[in-house]
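The values are calculated or read from the model by the stated rules, or taken from the named source; none is laboratory data. Note that the structure is a prediction, hence the values are computed from the model and not measured. Please note: Cβ atoms are built from the backbone with ideal geometry, for glycine as well, and neighbour counts cover all protein chains shown.
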Amino acid sequence: MAETVNIYFGAMSLLTALGDKTATLDAMSKGVGGLRYSGRFGMNAGVIDGIDAADGATRFETLAVSQLERVLAESGIRLSDSDTQLVLSTTKGDVGLLEGAASSNAIPERAYLYNTAMRIAGRFRCANRPVVISNACISGVSAFVVARDMLINRPLRHAVILGCDVLSEFITSGFASFKSISPNPCRPYDAGRDGLTLGEACGAVVLTTDVNYATRPLVRLTGGAVTNDANHISGPSRTGDGLCYAIEASMRQANVTPSQIGFVNTHGTATLYNDEMESKAVALAGLGGTPLNGVKGYIGHTLGASGVVETIICIEELRRGKIFGTLGYEKQGTSVNVSVSPGEQKIYGARCVKTASGFGGCNASIVLEAGESEQMEQAEPSGKPEPSGKPAAECTKRNVAVAGEYSLPQSEQPFGEFIRAEYKRLGEPNMKFFKMSDLCKAVYIATENLLRNFDLTIYEPARRAIILANSVSSLETDAEHQHIIDRHLPEGASPAVFVYTLPNVAAGEVCIRHKFQGDNTFFIEDADSGLSEEYARHVIADDKADIAICGWCDKLGENWNVNLKLLRIQ
Amino acid sequence: MEQLIQELKEHLIEELNLEEIAPEDIDAEAPLFGDGLGLDSIDALEIILILEKFYGIKLKNSAEAKPIFYSVKTLAEYIMQNRK
C-alpha cells in the first residue's frame, strides 16, 4: 500500500549565522546565538558571513549549490537519476536582484524564481524538472509535505529538499513596515518579547524510501499537512484553529497520539501575535504539556528556509534524545500555558512535531519519528495483520471528479478597467477587493465565477483545498515594493504592498472569502506542467480534502492567464 | 478642523484604496475599525504612514494608536495638537 511507504532522512547539510551544521549545533548546545547588529540592514540579524556571489552565480545560488553538493556527495545520490527529485523551497528566492529595477517591465530574467531553480538544477543535470514551492514562511515545512506526497505517488526513490532564503533590503524594509522587528535579539514565547529578528539560512536534506541511503540513527517522516486560518492575510488567527488542524492532521497520518510526541518545535517568531496563536494551537492539539522549543533566538527568522533548517535541527535533537533551549525565553508570555524549554532538556518519546505558520494564513506541520517502523518490526515475526496499520479502506485511492472549470477571459481593455468591470458584474461588494494586488484580484474573480452555483456548504472548511501555480510569482508587486524602497522615503515601505509580495496570498484571499481551511500550496513553474492539478488530485485521492481548486494564475502588466479547475471527491 | 477632516477622509480613501467610498460616506465620528469601512491591522499601519507622510507625526508605539485611531475626528484632533 502506498501509504505504508517508509520515508527516511538521509544526508543533511545546513548553513546559518552560526556556521555549518556542526558549528550551529555546537553553539546551540552551549546556548550561544548568532544574532548581531547589522550595519547594512540597520537592525539585528542572523547573517551568514563569508559567502559571496561566485563564478557568475548569485549569492543565493552559491549558497544553494554548496549545500546541495554536500548532501549529494555524502549520500551518493545523483539528481541526474530519473528516480530522484529536487524540491526547492523559498519565500523570496533571489528577490534582491530587483534592486534598481524600477518598473515591472524591467524585471530581470534572473529574478524569476523558476529560472533560479533551473540554473541550480542545471549544475547537477537534474533528470526531473525541479519542483519549486513558494508558500511564504511555511515554504520549508511545506516542501516536506509535498516531497512526501511525491515519494508516495510518483515513481521516485529519493527527493532532495532545498530551503534557502537570503536577506536583502527588500525583506528587511518589508518586515520593518509591519513594525514586527524587535530592537533586540528576538525572545520567542517570553513575556517581554517584542518582535522578530530576521536571519538567512540554507539547508539541504535527502529524503529516501531506500533504507540503505538513510543516515543513522534512523529518523522517518511519518506525516505532514498544510492548512489555512481563513482569517486574515497577515494577522495570525486569534484561536489557533488553523495550526491546530495541521498538527492534528499530521499526527493522524503518522498514526500517533499527543502522548507519543516527545517535543514540539514551533515557528516561534517572537512576535506578540504569532507566539500567542501558536500556544493556543499547540494546547488545542493536546500538546500543551509536551516540551516545546523554538530556535529563532539563535539563528533568526530565516523565512522559508526555516522549515528545512529547523527540521534538520529537530532530527539531530531526536537523535540526541535531548532538545536545545529556547534562547531568549525566560518567563511564560502567552495566555495559554505551553511547556517552553528554557534550556537543554532530555526528552521522552521518539517523535517530534515541527510546525510553521506564515502570511496568507497558512500553517504546516510534520511528524518526525526516530527508529525503525513499528509496523515492520511487528509484521515480520508474527505474520499477523498490522495492529497499528490503517484500515484497508483508508489505503485505497479515492476517485476524483472535475466539478467545474473557469478561465479568466482576455480583453481589449487594460487590466484595471477589465477587472473592475468583472467585479461589478459579480454584484457582491467586498471592501477588501480594491486593496488586493492584481494577481489576487485575478484569482479572486476567477474563483467567484468557478464557484458560482456550486454548493460548498456540504464540504467541511478543513476539507477544502486550493493548490495554485504560476511563473511570475508575485513579481509585479515585488517590483512595486522595490520601487518604494528605492526611493528611500522617510516613512518607509508600505505594509499594504509588502503583504502582497507573496504569491500564496492569492490563495489566502480565496481561503478567507470561501472558508477554505485545508491544503493551500503554491508552486512556481516556467509554464503549466499540470503540477498543481496532479498535487490537488493526490490531496483528494489520499483523503486530505474533499474538494480542491487548482490551476494556473499568471498576471504581469497587461498579460494575464488564469485557468482554474474545481476538483471534488466522486 | 472641518477642512482637516475633509482632507483626512481624502487621504484615507486614496491611501487605503477605499475605491467605492466617497468622503461624504464616511461619518467623522463613527468608529474607523470594525464593520463600517472594513479596515484591519494593515490599514492601521498605513494610517501610521499617513500621519508621518502628510503631517510629520511619528507615533511612538502602536499601543498609543488605539484611542487616536478611533474615528476620523479623533485622528484630526490628534493631528491638530501634534502636527509639525
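Test B:Ala63 against the criterion of being more than 30 Å from A:Ala421 (Cβ to Cβ) and more than 14 Å from chain A (Cβ to nearest Cβ), and give yes or no.
Here the answer is no, as B:Ala63 does not meet what is asked.
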- Return a yes/no flag: does the stretch A:41-59 have any residue that is touching a residue at least 12 places away in the same chain (Cβ under 8 Å), closer than 25 Å to A:Ile524 by Cα and assigned to a helix (DSSP H, G or I). yes
- Could you grab me the full set of residues in the stretch A:501-519 that are of a type outside the set (Val, Ile, Thr) and closer than 10 Å to A:Ser234 by Cβ? A:Leu502, A:Gly508
- Which of the strands (runs of 3 or more DSSP E) contained wholly in the stretch A:319-436 include at least 1 residues that are of a type in the set (Lys, Arg) and either at pLDDT 95 or above or surrounded by fewer than 17 Cβ atoms within 10 Å (Cβ to Cβ) (or both)? A:351-358
- Query: crowded, with 23+ Cβ neighbours inside 10 Å, out of contact with any Lys or Arg (no Cβ under 8 Å at 6 or more places or on another chain) and within 14 Å of chain B (Cβ to nearest Cβ): does that describe A:Ser473?
  - Reply: no
- Note on the stretch A:428-460: residues within 13 Å of chain B (Cβ to nearest Cβ), free of Cβ contacts under 8 Å to residues at least 12 places away in the same chain and more than 22 Å from A:Thr477 (Cα to Cα) are A:Pro429
- Query: Of these, A:Ala214, A:Ala201, A:Ala136, which one is away from chain B (no Cβ under 14 Å), crowded, with 24+ Cβ neighbours inside 10 Å and more than 30 Å from B:Leu49 (Cα to Cα)?
  - Reply: A:Ala201
- Which members of the stretch A:24-49 meet the condition of being closer than 21 Å to A:Ile161 by Cα and not polar (S, T, N, Q)? A:Leu25, A:Ile48
- Those residues of the stretch B:1-45 which are in a helix (DSSP H, G or I), small (Gly, Ala, Ser) and more than 13 Å from every other protein chain (Cβ to nearest Cβ) amount to none
- Item | Residue count for the stretch A:478-496, restricted to those that are among the hydrophobic types (A, V, I, L, M, F, W, C) and either touching a strand residue (DSSP E or B) at 6+ places or on another chain (Cβ under 9 Å) or within 11 Å of another protein chain (Cβ to nearest Cβ) (or both) | 4
- Item | Residue that is at negative phi, touching a residue at least 12 places away in the same chain (Cβ under 8 Å) and either in contact with a Phe, Trp or Tyr (Cβ under 7 Å, 6 or more places away or on another chain) or more than 14 Å from chain A (Cβ to nearest Cβ) (or both), where the choices are B:Ile50, B:Ile79 | B:Ile79
